[in-house]
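The values are calculated or read from the model by the stated rules, or taken from the named source; none is laboratory data. Note that this is a predicted model, so its numbers are computed, not measured. Here the Cβ positions follow ideal geometry from the backbone for every residue, glycine too, while neighbour counts run over all protein chains shown.
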Amino acid sequence: MRRAVIRVRPLHRSPPDSFRSRTGRVLGRVIAWSGWTKIAAMVTSVAALAALYFSNRALEGTRDQLKLARDTQITDRVTKAVEQLGNQSSPAVRIGGIFALERLSKDSPADRPVIFEVLATFIRMNTHFSHPRNRECVIEPDGSARPIPDDVAAALTVIGRREGDGGEHIDLSYSCLRQAHFERANLTAVDFTFSRLDGAHMDGARFRRTNMSNTHLDGAELYDADLSHETWDGLTMPFARMDRARLDHTRLTNVTLCKSVWYSADLDNAVFERVNLIGATFVAGDDSYPPARNLDRASLPAVAYDDTTRWPPGFHPPPADKTAWPACG
């Protein structure tokens with residue numbers, strides 16, 4: 001009798017997961033994660049922003065250093081120019097300092113008011129009256145008026161060729177500036193109060209907010225000057241040449257203009273109040289010069305004149321005010 005042999009196959013078991021295999025699967029999923037691209041882009045952006053920030057800070061530091069160096073250089077240049085201006089032995093050195101200050105006024109607009117204040121002070125100190133109460137200029141031994149020194153003339157030239165609308169105030173009051181040259185000068189915001197500008201050359205000069213109160217302009221030349229919209233009071237201007245000058249909308253009050261000449265001057269809407277025009281000429285006797293223009297549109301509420309005053313043909317002035325002043329002298 002045979003024995004039956006029964007064979008039992010063991011059940012198949014998967015080997016237990018090892019730590020290494022589990023770690024591998026996790027790392028695989030992490031590596032395969034689609035979000036890594038976004039994170040990489042974000043990291044790149046943050047790095048770029050950080051680099052830009054620190055670059056900007058470095059640039060600001062460089063700019064600050066450059067500004068400090070520039071300010072220091074400007075200060076040194078101003079100091080040197082002022083030292084030159086104070087040189088007592090050499091007019092050439094002083095003139096060099098004046099033109100150095102002019103250059104600085106262009107290189108450093110922030111220092112412009114101070115620079116022109118220094119120049120104006122220099123002019124006043126060197127053109128003061130010999131007798132302030134009588135406003136008498138210094139007289140030479142031969143009896144003539146002392147001419148304007150070359151260094152003062154240079155400072156006047158620098159002031160006259162300023163650029164812009166004259167934001168700075170130029171104080172030239174109580175100064176003796178006889179025969180001064182202001183041809184085509186920018187005289188905006190210049191204060192000439194109580195100064196003497198007898199015989200001054202102001203051809204083509206531009207006046208804006210110019211203070212001329214109680215100023216002497218005896219025999220001054222204002223050919224082609226622009227006085228439009230100005231208000232002047234208390235001037236003495238006998239023998240002044242006003243040929244082709246612009247006085248539209250200009251107001252003159254208490255002004256002496258005896259024997260002044262006005263060929264082709266524009267007087268549109270000008271106002272002459274208490275103005276002495278005795279001997280003034282508005283038209284040439286031989287028609288060799290064009291007469292004053294728009295005089296019929298001017299207002300002459302109180303003017304003094306006589307038979308020596310020459311009016312344009314067809315113009316009928318108001319009755320002369322014999323009490324109008326100041327007198328011709």
Identify all residues within segment 232-247 that are assigned to a loop (DSSP other than H, G, I, E, B) and within 20 Å of Thr281 (Cβ to Cβ); write none if there are none. Leu235, Met237, Pro238, Phe239, Ala240, Met242, Asp243, Arg244, Ala245, Leu247
Within segment 185-196, is even one residue of a type in the set (Asp, Glu), surrounded by fewer than 20 Cβ atoms within 10 Å (Cβ to Cβ) and not in a loop (DSSP other than H, G, I, E, B)? no
Can you tell me which residue among Ala240, Ala220, Ala180 is small (Gly, Ala, Ser) and either at pLDDT below 95 or under 23 Å from the mean Cα position of the chain (by Cα) (or both)? Ala180
Take the residues of segment 123-153 that are at pLDDT below 80 and among the acidic types (Asp, Glu): which is surrounded by the fewest Cβ atoms within 10 Å (Cβ to Cβ)? Asp142
Determine whether Ala69 is closer than 30 Å to Ala155 by Cα, assigned to a helix (DSSP H, G or I) and modelled with pLDDT under 75. yes
What single numbered condition from (1) within 29 Å of Asp76 (Cα to Cα); (2) at pLDDT 95 or above fails to hold for Arg112? (2)
Complete set of residues in segment 305-329 that are of a type in the set (Gly, Ala, Ser) and under 22 Å from Arg246 (Cα atoms): Gly314
Within segment 151-207, which residues are closer than 19 Å to Asp224 by Cβ and small (Gly, Ala, Ser)? Gly160, Ala180, Ala185, Gly199, Ala200, Gly204, Ala205
Under 8 Å by Cβ, and 6 or more places apart or on different chains, what pairs join a residue from segment 137-156 that is in a loop (DSSP other than H, G, I, E, B) with one that is of a type in the set (Ser, Thr, Tyr)? Cys137/Ser130; Val138/Ser130; Ile148/Thr127
Going by what's in this entry, would Met237 be described as out of contact with any Phe, Trp or Tyr (no Cβ under 8 Å at 6 or more places or on another chain) and surrounded by 18 or more Cβ atoms within 10 Å (Cβ to Cβ)? yes
